[in-house]
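What follows is one structure encoded as structure tokens, with my remarks underneath.
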Ligand code: NDP
């Protein structure tokens with residue numbers, strides 16, 4: 001609206017609309033006619049308002065903010081956004097629950113997604129993490145089975161605690177993560193009151209070509225706040241979304257202190273745990289947290305669908321100086337996540353404003369659905385790479401045809417010397433020690449909450465699953481098993 005003149009309602013092709021309350025009909029009682037193309041556009045567009053919902057992490061909330069580096073990391077990495085104290089980088093963060101659909105509750109007992117897109121000057125770096133430092137699996141071949149077992153029953157379309165525990169009973173490597181999930185931390189009071197973890201082991205490399213392994217931790221400055229299951233009953237399903245939007249609108253900007261752990265390649269070779277096993281943490285006493293920065297969220301989205309729903313995160317969005325690691329789960333996500341975004345949003349999803357890098361993008365990829373729908377919204381680069389050369393190598397560098405930059409070459413990743421290609425069974429790779437360590441740092445109240453939360457679901461599982469789960473708890477700590485057993489008996493009484 002300019003001055004007192006209202007904006008004119010138009011169709012999508014920009015033609016002014018004379019009447020938006022009535023359809024064209026033959027007589028006042030109808031029928032409608034084919035020249036209702038404005039009505040048809042409206043209904044056809046409405047039919048297509050949804051894109052495929054994410055199979056996991058469907059329900060989410062997003063916001064923009066700033067990452068400020070407080071410790072120069074040039075000794076470890078050439079990553080542009082990690083050079084020089086005080087360096088600021090814009091971020092977009094999407095929080096989510098994992099298992100439920102878009103219509104589920106923000107207060108499910110579920111891990112929370114904690115995905116951060118750093119819009120660096122050398123491309124977007126996505127830290128696609130969770131609010132837990134570990135995960136249920138160390139091998140990606142189990143991912144679809146695991147997710148199926150935690151979602152709704154295929155016949156009744158209702159939650160199925162029996163299937164949840166049947167899967168875990170058959171899969172002891174989930175114990176560490178399921179202990180976190182069933183603990184008091186299993187239901188964060190809001191997205192502001194939880195930590196984030198990159199979870200996977202990533203790598204940094206420096207200008208000498210030296211690599212170190214690294215884990216990211218984002219510690220909430222608001223303090224950890226959680227809810228008991230009984231406290232969530234009367235809460236609105238959208239409570240965490242509302243909390244985030246309202247606090248940012250009110251200028252109460254949530255922040256997280258960003259820390260890393262670093263392990264050298266030499267340390268990794270002899271460390272007592274496989275440092276690339278996603279079911280394990282690196283204990284702080286072995287690899288202390290190093291504070292490197294602060295992340296603050298300070299701007300809400302203008303349009304939920306365009307920005308939060310179409311935001312597309314993938315661990316393959318890496319930048320020079322930050323690399324992957326042998327972590328098998330990470331390796332599979334390098335394929336699965338961009339594949340999901342290409343299916344869900346489209347092959348040109350990186351052209352959308354929320355996903356577009358804030359630095360020049362020059363390449364030889366062309367076309368596909370919606371190619372060139374906009375110029376790069378940030379840099380103004382020609383849509384679909386304009387009239388530039390569409391093949392490489394070529395003789396057109398002087399005209400702006402892009403060329404590779406050898407100085408950002410990643411050092412080769414080491415393999416174990418005796419590595420063989422094949423199936424490597426990891427079923428018995430110490431699934432219990434760290435679950436036990438977590439149990440033992442819990443207070444009396446936390447231990448009891450853990451046992452009661454487990455008992456609620458486990459009591460619905462088969463006798464056989466209950467026996468195997470109690471064996472797992474006992475392998476972590478005999479007191480853990482004893483408390484769960486007691487809590488199940490209390491339910492039966
Ligand atoms: P520390 O005592 O040094 O650290 C314990 C960590 O556990 C803290 O980071 C704390 O987070 C976190 N924590 C406390 N209660 C819970 C809970 N119910 N669910 C999840 N995290 C919790 O011990 P270690 O480093 O030796 O690790 C011991 C155990 O702590 C691990 O087996 C693991 O289960 C858990 N843990 C370890 C982390 C790591 O990176 N080493 C990270 C997170 C958990 P906070 O500071 O926010 O209170």
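Things to note:
- Both the radius of gyration and Dmax for the stretch 1-66 are 18.5, 59 Å, in that order, over alpha-carbon atoms.
- Debye intensity ratio I(q)/I(0), log10, the stretch 269-316, q values 0.16, 0.17 Å⁻¹ (C-alpha model): -0.79, -0.82
- Cα convex hull volume per residue for the stretch 122-239 (Å³): 178
- For the stretch 248-295, the spread of Cα positions along each principal axis, largest first, Å: 50, 21, 17
- Note on 67, 165: ascending count of other Cβ atoms within 10 Å places them as 165, 67, the fewest first.
- Viscosity 0.890 mPa s, temperature 25 °C, Stokes-Einstein D of the stretch 275-352 from Kirkwood C-alpha radius, µm²/s: 157
- The Cα atoms of the stretch 190-321 define a convex hull whose projected area, averaged across directions, is 11.0 nm².
- Angstrom value of the Kirkwood radius, inverse mean 1/r, which spans all Cα pairs in the stretch 356-471: 21.6
- Mean separation of Cα contacts under 8 Å (6+ apart) over length of the stretch 353-493, as relative contact order %: 16
- Mean ellipticity per residue at 222 nm, deg cm²/dmol - from DSSP H runs of n ≥ 4 across the chain, formula -39500 (n - 2.57): -7500 deg cm²/dmol
- When peptides 169-179, 198-208 are sorted by average Cβ neighbour count within 10 Å, with the highest value leading, the order is 169-179, 198-208.
- Taking every Cα-Cα distance in the chain and sorting them into 20 Å bins from zero, the calculated P(r) comes out as 20, 51, 24, 5, 0 percent.
- Dimensions (Å) - the stretch 414-493, Cα atoms, principal axes, largest first: 56, 30, 16
- Percent of alpha-carbon pairs separated by more than 22 Å within the stretch 1-150: 66
- Compared with the direct C-alpha span, the chain from residue 49 to residue 298 gains 86.8 nm at full extension, assuming 0.36 nm per residue.
- Order by protection proxy (mean Cβ within 10 Å, highest first), peptides 334-340, 452-458, 18-24, 474-480: 452-458, 474-480, 334-340, 18-24
- Residues 194, 442, ranked from the fewest to the most other C-beta atoms within 10 Å, line up as 442, 194.
Any read-out appearing in this document is the output of simple, stated calculations on the displayed coordinates, not a laboratory observation. Computed from a predicted model, the values in this text were never measured in an experiment. Positions of Cβ are backbone-derived with ideal geometry, glycine not excepted, and every protein chain shown enters the neighbour counts.
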